[in-house]
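Colleague: One structure, pasted below without further comment.
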Amino acid sequence: MEISQETVAAVVRQFAIYGEFEGASSFGGGHINDTFLSKWNQAGITVRYTHQRINHHIFVHPDEVMENIERVTNHIREKLRAAGETDWSRRTLTVVPAKDGKLYARDSEGGWWRTYLFVEGAHSEEVTASPKEARFLGASIGNFQKQLADLPPPRLHDAIPDFHNMEKRYLRFYEVLSKDALGRAKETAAEIAFMKENEERGAILIRSLREGKIPERITHNDTKMNNILVDDSDSRALCVIDLDTVMPGTSLFDVGDLIRTVTTLATEDELDLSKVKFDLGYFEALLEGYLSEARDFLTPAELALIAESGRNITHIMALRFLTDYLDGDHYYHISRPSHNIDRSRNQIALIRSMDAQWEAALTIVSGLCGKKG
Ligand code: ADP
Ligand code: GN1
Ligand code: MG
């Protein structure tokens, strides 16, 4: 549903922001929430804020999501301050509460909104610029997991229960497929066949977690690279954003989504599948960065599944995009009718490219895990 300027102008005024509202415009390319950037005149200085209408069909308890985000960002901020870091308001998101003290505000149509300080001098990217940048991205997520390892109880809310539960994702896929409401199964026979052939290996991470072979940790669960802001000045990963899905999970969900998005120079919806290639150089650089922060706390069982995590999360996305296409595109934002099936085909191409270089990927992981320092 389109959001009118009037709705935005009315809702942003509910937040505890000083000064004169100058306007807001749509911003960013996320698939889930609606993001706006606003400008305010604060006694002669222009200050910008980020506002998001939370997709409450997906995050059905937005108040709980905001509670999670407030706890997580406060914890990280305290850590940064204690370590004597400066510039901490660019290194973690800052929630701006509403004037009534709540972490969200409601619009006249029942929408749920939140506000963050806009992180200036940073941007998000869709493809990695260099192996050096891949290293920074990896280190930022290793560090994020480390920062949250000692978050005091209680347990975070499950923002989306079973978010990366492949067995449940398959059940939903079969349900949607059996209805085939739009008659799209025929044209997607090859992708459906791929999903059926690979169902067994898709469950590796979720089964390992359930059986206690790998530990539960606080993880981000949506670490695609455009959810990490990069500093304009030096290309360093500056701030991990899009925190809606931070909740208990496995470290492998995060490293897996990084592998999915950082190790190919094609975007997730690239149509020329010959460009969708898994790049071992970026893979190694990414893992070097990640392990520089995470190797001390990861268990041998987690390390052994690192390469698999990339394939697994790519597989989940391929399945989710296909399911949404068969279901009539209700979940992801799309900008063309074939967008979801294009994404699914792209992700399958990436899995095939990983498969083709599997032994080399495993050799890189064992080389890195053996390395000291
Ligand atoms: P979605 O859940 O829809 O993906 P995100 O939280 O990822 O929404 O935000 C969409 C985009 O908006 C991000 O990729 C980023 O470019 C930009 N963005 C979001 N929050 C901020 C912020 N606080 N400062 C600067 N840019 C932001
Ligand atoms: C969505 O919110 P965004 O665009 O960063 C999705 C992720 C997928 C991603 C695929 C809550 O992420 O799980 O990996 O699209 N987020 C949710 O691009 O479903
Ligand atoms: Mg996002």
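The values are calculated or read from the model by the stated rules, or taken from the named source; none is laboratory data. Quick caveat, the model's predicted, so the values are computed rather than measured. Ideal geometry is used to build each Cβ from the backbone, glycine not excepted, and the neighbour counts take in all protein chains shown. Ligands, DNA and RNA are excluded from the accessible area calculation, which covers all protein heavy atoms including side chains. Shrake-Rupley method; radii C 1.70, N 1.55, O 1.52, S 1.80 Å.
Colleague: What pairs come up if the first residue lies in the stretch 291-305 and is touching a residue at least 40 places away in the same chain (Cβ under 8 Å), the second is open to solvent by 30 Å² or more (accessible area, probe 1.4 Å) and not in a helix (DSSP H, G or I), and their beta carbons are under 6 Å apart, counting only those six or more places apart or on different chains?
Modeller: Within 6 Å, the pairs are Ala301/Lys213.
Quick grid of which residues meet (1) without any contact (Cβ under 8 Å) to a residue 40 or more places away in the chain; (2) charged (D, E, K, R):
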position: Ser25; (1), (2): yes, no
position: Tyr49; (1), (2): no, no
position: Arg53; (1), (2): no, yes
position: Ile58; (1), (2): no, no
position: Met66; (1), (2): no, no
position: Ile76; (1), (2): no, no
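Colleague: Could you tell me which residue of the stretch 4-28 is nearest to Trp113 (Cα to Cα), considering only residues that are part of a strand (DSSP E or B) and open to solvent by less than 50 Å² (accessible area, probe 1.4 Å)?
Modeller: In the first step, residues of the stretch 4-28 are kept if they are part of a strand (DSSP E or B); the result is 15, 20-26.
Now restrict to residues that are open to solvent by less than 50 Å² (accessible area, probe 1.4 Å): 15, 21, 23-24.
Working: Phe15: 10, Phe21: 17, Gly23: 16, Ala24: 14 Å.
This residue is Phe15.
Colleague: Take the residues in the stretch 321-355 that are surrounded by fewer than 20 Cβ atoms within 10 Å (Cβ to Cβ) and closer than 21 Å to Val255 by Cβ; name whichever of them is farthest from ligand 1 (Cβ to nearest atom).
Modeller: Among them, the one singled out is Asp355.
Colleague: Continuing with the same structure: Looking only at the stretch 232-253, which residues are within 15 Å of ligand 1 (Cβ to nearest atom), outside any strand (DSSP E or B) and under 13 Å from the mean Cα position of the chain (by Cα)?
Modeller: Of everything in the stretch 232-253, those that are within 15 Å of ligand 1 (Cβ to nearest atom), outside any strand (DSSP E or B) and under 13 Å from the mean Cα position of the chain (by Cα) turn out to be Ile241, Asp242, Leu243, Asp244, Thr245, Val246.
Colleague: Out of all the residues in the stretch 191-225, which are in contact with a helix residue (DSSP H, G or I) (Cβ under 7 Å, 6 or more places away or on another chain), over 23 Å from Asp242 (Cα atoms), in a loop (DSSP other than H, G, I, E, B) and open to solvent by 40 Å² or more (accessible area, probe 1.4 Å)?
Modeller: Of everything in the stretch 191-225, just one residue is in contact with a helix residue (DSSP H, G or I) (Cβ under 7 Å, 6 or more places away or on another chain), over 23 Å from Asp242 (Cα atoms), in a loop (DSSP other than H, G, I, E, B) and open to solvent by 40 Å² or more (accessible area, probe 1.4 Å), namely Lys213.
Colleague: Moving to a separate point now. Mind listing whichever residues of the stretch 306-317 are away from ligand 2 (no atom under 16 Å from the Cβ) and closer than 14 Å to Leu368 by Cβ?
Modeller: Selection gives Ile306, Ala307.
Colleague: Additional query: Given the options Ala301, Ala307, Ala318, name the one that is aliphatic (A, V, I, L, M), in a helix (DSSP H, G or I) and surrounded by fewer than 18 Cβ atoms within 10 Å (Cβ to Cβ).
Modeller: Result of the check over Ala301, Ala307, Ala318: Ala301.
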